[in-house]
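Asks: Shown below is the structure under consideration.
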Amino acid sequence: MKKRLYLELENCIGCRSCLAACTQCGGHDERNRNYVYDVNPLVNRQTMPLMCLHCVNPACARSCPAQAIQIHETGAVLSALVEKCIGCQNCTIACPYGIPKFDTEQNLMYKCDLCIDRTKDGIPPMCASVCPSNTLQWLTDEEIEAKQKQFNLDNGKWVASMHLESETNVKVNLPGILQGVTKLF
Amino acid sequence: MEAQVATKPKVKKEHSINHAFASHFAKSMFISVLGLAILTFIGTRMFTHVDLNLYGYMVGTIVFLGGFFYRFIAWGERPPTKVFIKKGLKLLFRKTTPQTTVEHLATYRFIWNRGVYRWTQHLLIGWGCVLACLVTFPLVFGWMYFTMPENGYYTIVAMGISLITIPADGFIAYLSYNALNISAIMVIAGVTMALYRRLKNMQARAEQKFMYDFMPLYLLLFVSITGLALTFINMFLHGWGHSVMSLIHQYSVIITLIYLPFGKLAHIPFRPMSVLARNYREHYGEQSMKPCKVCGEEFVSTEQSQDVLSVLATNEIEFKKEDFHLAELCLPCRRKYRIAQFSGFPTHEVKVKEANQNAKG
């Protein structure tokens with residue numbers, strides 16, 4: 001059963017487990033590839049994670065002159081192939097979400113590869129497997145659809161999907177709190 | 001006025017050498033084969049010293065050139081690649097080019113930074129192959145050959161010029177006979193290290209595919225071992241089976257050559273692009289940098305930003321918002337802007353540094 005990464009942003013408690021777990025993925029070289037942001041840092045404690053959303057038509061791969069960014073058959077947009085990346089940093093400029101990181105010393109771009117060693121076998125990525133607040137979940141399309149029904153708006157769209165640039169493999173849901181919906185866990 | 005401007009370059013183009021050829025591919029192929037023929041003509045003193053024993057390699061090299069140009073030209077036609085090749089070549093003569101070239105193509109400094117083990121294996125394989133090519137191709141095309149005008153002394157002839165006369169049992173002669181053995185041992189050591197890493201390293205194990213990652217290594221190993229076997233046969237078996245083994249070796253080299261532009265080994269001819277990319281970034285970085293619309297930090301050269309936008313436009317990707325373009329934001333601001341889109345609160349406008357993004361507690 002094909003599963004996807006699904007983000008329920010409002011649940012984030014800012015523990016940064018996902019960052020720590022990311023560093024422990026085989027081959028991530030103990031560096032995390034995801035982000036957690038304070039929404040309004042000087043006022044409250046609400047945080048939200050930001051991951052690579054694995055676009056269906058990824059700008060990073062389209063802008064790569066070396067064909068270093070490959071798209072896996074599961075839809076995951078992989079990190080740059082080490083032998084191909086020429087260090088031009090086009091991908092970091094192209095990404096609408098500012099996700100790819102660049103190591104000047106190694107002349108190499110690295111980004112979330114959705115823990116492809118795990119997800120290609122249906123095992124959840126490191127971040128989703130450790131998230132204590134169900135912000136990051138690993139769900140089938142049916143389960144995501146059920147979630148979508150729970151939070152849908154009158155116009156038939158997800159709130160979050162309106163704020164993305166294009167179709168993505170990772171599905172994002174917007175906080176129920178901000179919609180005035182009380183969530184029952 | 002407009003018509004004049006339009007016709008002027010057209011007239012010039014009619015006399016262009018490009019019109020003599022059906023395609024880029026045909027032109028590149030013609031020039032390369034012609035160049036090889038001329039060099040061989042000079043090197044072999046008007047084809048009087050062709051080593052026909054190596055003629056299979058000659059045919060293999062020309063087939064390789066066909067594959068190489070096919071792959072390289074197709075690759076160079078991709079919009080982002082085209083930009084880097086075109087602008088990078090114009091910026092080839094910069095003060096920093098020699099240093100960048102040595103670091104990227106000879107000493108592999110960036111691989112050292114990825115790990116000493118990987119650097120060692122890469123150095124062994126890379127320079128082993130370079131050494132082998134430097135010996136093999138001059139011999140194949142007759143750019144270098146040995147004559148023995150006087151007993152016990154070899155004369156090395158390079159490009160038709162008698163370069164040096166050396167005693168046949170001397171040190172230089174010893175190195176010449178064994179250059180391919182040395183390179184074979186280097187490649188075998190490097191490939192063994194690489195294979196060991198591919199068996200042990202978790203990321204490598206997760207991502208590797210047999211055909212993409214292992215086969216090139218096995219090919220190199222096969223070439224090196226059959227090459228060493230030739231020496232072994234000569235020294236210990238009195239040449240028993242030499243003719244068969246030399247054919248096996250020849251086939252293995254030719255197959256590797258023909259495969260080279262299409263698989264993982266294609267990174268060898270494509271790697272010089274990284275020098276062009278570095279020059280491009282350095283040059284346009286000095287010209288003018290683009291400040292972030294929100295925080296004002298200069299994050300990329302104006303030129304590169306423009307180039308990426310146009311490349312994305314050819315792919316029909318455009319990240320335009322109501323009153324600005326996403327490319328105007330620096331990367332941290334782009335991320336915060338996305339959070340702002342989700343939450344409705346303008347996170348990117350709060351002047352606070354992004355906190356704790358390194359998972360260091």
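Asks: For A:Ala80, what residues show an amide H to amide H distance below 5 Å, using hydrogens built from the backbone and excluding near sequence neighbours?
Replies: Those lying under 5 Å, H to H, from A:Ala80 are A:Lys111.
Asks: Determine the per residue accessible area of region A:1-109 with all protein chains present and a 1.4 angstrom probe, expressed in square angstrom.
Replies: Numbers: 3580 Å² over 109 residues.
So region A:1-109 comes to 33 Å² accessible per residue, rounded to a whole number.
Asks: How many Å² of accessible area per residue for chain B, probe 1.4 Å?
Replies: With all protein chains present, chain B gives 57 Å² per residue.
Asks: Which of A:Gln24, A:Gln106, A:Gln89 moves most in a GNM of chain A, Cα contacts under 10 Å?
Replies: A:Gln106
Asks: If you fit an axis through the alpha-carbon atoms of helix B:2-14 and take the longest principal axis of the Cα set of chain B, what angle between them do you get, 0 to 90°, nearest 10?
Replies: Here the helix axis deviates by roughly 10 degrees.
Asks: From the helices alone, meaning DSSP H stretches of at least four residues, give me the mean residue ellipticity at 222 nm for chain B, per-run term -39500 (n - 2.57), in deg cm²/dmol to the nearest 500.
Replies: So the calculated ellipticity at 222 nm is -20500 deg cm²/dmol.
Asks: Can you give me the C-alpha center-to-center distance between region B:297-360 and region B:176-225, rounded to a whole angstrom?
Replies: Centre-to-centre (Cα) distance: 42 Å.
Asks: Could you pull out the longest piece of chain B with no exposed loop trypsin sites (Lys or Arg not before Pro) in it, calling a site exposed if DSSP puts it outside H, G, I, E, B and it has at most 13 other Cβ atoms within 10 Å?
Replies: Segment B:96-208 is the longest.
Asks: May I ask you to derive the relative contact order of region B:119-266, considering only C-alpha pairs under 8 Å and at least 6 residues apart, and to give it as an integer percent?
Replies: Once divided by the residue count of region B:119-266, the mean separation gives 20 percent.
Asks: What longest range of chain A stays clear of loop-exposed GluC sites (Glu not before Pro) (DSSP non-H/G/I/E/B, at most 14 other C-beta within 10 angstrom)?
Replies: The longest such stretch corresponds to A:106-166.
Asks: Pull up all non-local amide H partners of A:Leu136: gap of 5 or more, or a different chain, and H-to-H distance under 5 Å with H placed in the peptide plane.
Replies: Amide H to amide H, under 5 Å and 5 or more residues apart or across chains, A:Leu136 pairs with A:Glu8.
Asks: Within region B:65-173, what whole-number % of the accessible surface is contributed by carbon and sulfur, with the 1.4 Å probe and all protein chains included in the calculation?
Replies: Percent of accessible area from carbon and sulfur atoms in region B:65-173: 70.
Asks: Enumerate by residue number the chymotrypsin sites (Phe, Trp or Tyr not before Pro) in region B:60-111 meeting two conditions: DSSP loop (anything except H, G, I, E, B), and at most 14 other Cβ atoms within 10 Å of the site's Cβ.
Replies: Within region B:60-111, the qualifying chymotrypsin sites (Phe, Trp or Tyr not before Pro) (loop, at most 14 other Cβ atoms within 10 Å) are B:Phe93.
Asks: I would also like to ask the following. Counting only protein heavy atoms and a 1.4 Å probe, tell me what percentage of region B:259-361's accessible area is made up of carbon and sulfur. List each step's numbers first, then the result.
Replies: On the way: 2460 of 4890 Å².
Using a 1.4 Å probe with all protein chains present, region B:259-361 comes out at 50 percent carbon and sulfur.
Asks: Using a ≥ b ≥ c from the Cα gyration tensor of region A:48-104 (square roots of the eigenvalues), is it rounded, prolate or oblate, where a/c under 1.5 gives rounded and otherwise the larger of a/b and b/c decides, a/b for prolate?
Replies: The shape class here is oblate.
Asks: So who's got an amide H within less than 5 Å of the one on B:Lys290, skipping anything under 5 residues away but keeping other chains? H placed 1.01 Å off N, in plane.
Replies: Residues meeting the amide H criterion: B:Phe299, B:Val300, B:Ser301, B:Thr302.
Asks: I would also like to ask the following. Each residue of region B:179-191 in turn: what ³J(HN,Hα) in whole Hz from Karplus with 6.51, -1.76, 1.60 and θ = phi - 60°, glycine and Pro shown as x?
Replies: 4, 6, 5, 4, 5, 5, 5, 4, 5, 4, 4, x, 5
Asks: If the only charges are +1 at each Lys and Arg Cβ and -1 at each Asp and Glu Cβ, what is the size of the charge dipole of chain B around the Cα centre, to the nearest 20 debye?
Replies: 940 debye
Asks: What chymotrypsin sites (Phe, Trp or Tyr not before Pro) in region B:282-361 are in a loop by DSSP, with at most 16 other Cβ atoms within 10 Å of the Cβ?
Replies: Here the sparse-neighbourhood loop sites are B:Phe324.
Asks: In addition: Between A:Asp141 and B:Ile258, what is the FRET efficiency for a Förster distance of 41 Å, r being their Cβ-Cβ separation, to the nearest 0.05?
Replies: 0.40
Asks: Roughly how many Å is it from the Cα centre of region B:243-279 to that of region A:86-129, as a whole number?
Replies: Computed from Cα coordinates, the inter-centre distance equals 28 Å.
Asks: Hey, what did chain B get for relative contact order, percent, Cα under 8 Å, at least 6 apart?
Replies: Across chain B, relative contact order equals 17 percent.
Asks: So, one more: Nearest 100 Å² is fine: how much accessible area is buried between B and A, summed over both sides, with a 1.4 Å probe?
Replies: Approximately 5200 Å² gets buried when B meets A.
Asks: For A:Val77, what charge total do you get from the other residues with a beta carbon under 9 Å from its beta carbon, if Lys and Arg give +1 and Asp and Glu give -1?
Replies: Working: positive: A:Lys111; negative: A:Asp113.
Cβ neighbours under 9 Å give a net charge of 0.
Asks: If you don't mind, another one. In chain A, carbon and sulfur make up what percent of the accessible area (probe 1.4 Å)?
Replies: Of the solvent-accessible surface of chain A, carbon and sulfur hold 50 percent.
Asks: Could you name the aspartates and glutamates in cross-link range of A:Lys171, using Cα to Cα under 13 Å and dropping any fewer than eight places away on the same chain?
Replies: Of all the aspartates and glutamates, those that pass the test against A:Lys171 - Cα under 13 Å, at least 8 places apart if same chain - are A:Glu8, A:Asp141, A:Glu142, A:Glu143, A:Glu145.
Asks: Work out, step by step, the length gained on full extension between B:Asn113 and B:Phe30: first 0.36 nm times the residue separation, then minus their alpha carbon distance; give nm to one decimal. It would help to have the intermediate numbers written out before the result.
Replies: Values: separation 83, 0.36 × 83 = 29.88 nm, distance 4.09 nm.
Extending this stretch completely gives an extra 25.8 nm.
Asks: Based on the Cβ-Cβ distance from B:Tyr212 to B:Glu349, what FRET efficiency comes out when R0 is 41 Å, to the nearest 0.05?
Replies: Efficiency, from the Cβ-Cβ distance: 0.35.
Asks: Once you order the gyration tensor axes a ≥ b ≥ c over the Cα atoms, which shape class does chain A get: rounded for a/c under 1.5, otherwise prolate or oblate by comparing a/b with b/c?
Replies: Note, shape of chain A comes out prolate.
Asks: With θ set to phi - 60° and the Karplus curve 6.51 cos²θ - 1.76 cosθ + 1.60, what are the ³J(HN,Hα) couplings of region A:76-83 in order, to the nearest whole Hz, using x for Gly and Pro?
Replies: Along region A:76-83, the couplings run 5, 8, 7, 5, 4, 5, 5, 7 Hz.
Asks: Another question, if that's okay. Mind listing the phi-derived Karplus ³J(HN,Hα) values for region B:300-312, rounded to whole Hz, using 6.51, -1.76 and 1.60 with θ = phi - 60°, and x for any glycine or proline?
Replies: 7, 6, 4, 4, 5, 4, 5, 5, 5, 4, 6, 5, 5
Asks: Show B:Ile85, B:Ile17, A:Ile123, B:Ile166 ordered by accessible area, largest first, where the area counts protein heavy atoms only and the probe is 1.4 Å.
Replies: Correct descending sequence by accessible area is B:Ile17, A:Ile123, B:Ile85, B:Ile166.
Asks: Percent relative contact order of region B:196-286, based on C-alpha pairs within less than 8 angstrom and at least six residues apart?
Replies: Over region B:196-286, the number comes to 24 percent.
The values are calculated or read from the model by the stated rules, or taken from the named source; none is laboratory data. In this text, all values refer to a predicted model and were calculated from it rather than measured experimentally. Neighbour counts run over all protein chains shown; Cβ positions are idealised from the backbone, glycine included. Please note that ligands, DNA and RNA were not included when accessible areas were found on the heavy atoms of the full protein model with its side chains. Shrake-Rupley method; radii C 1.70, N 1.55, O 1.52, S 1.80 Å.
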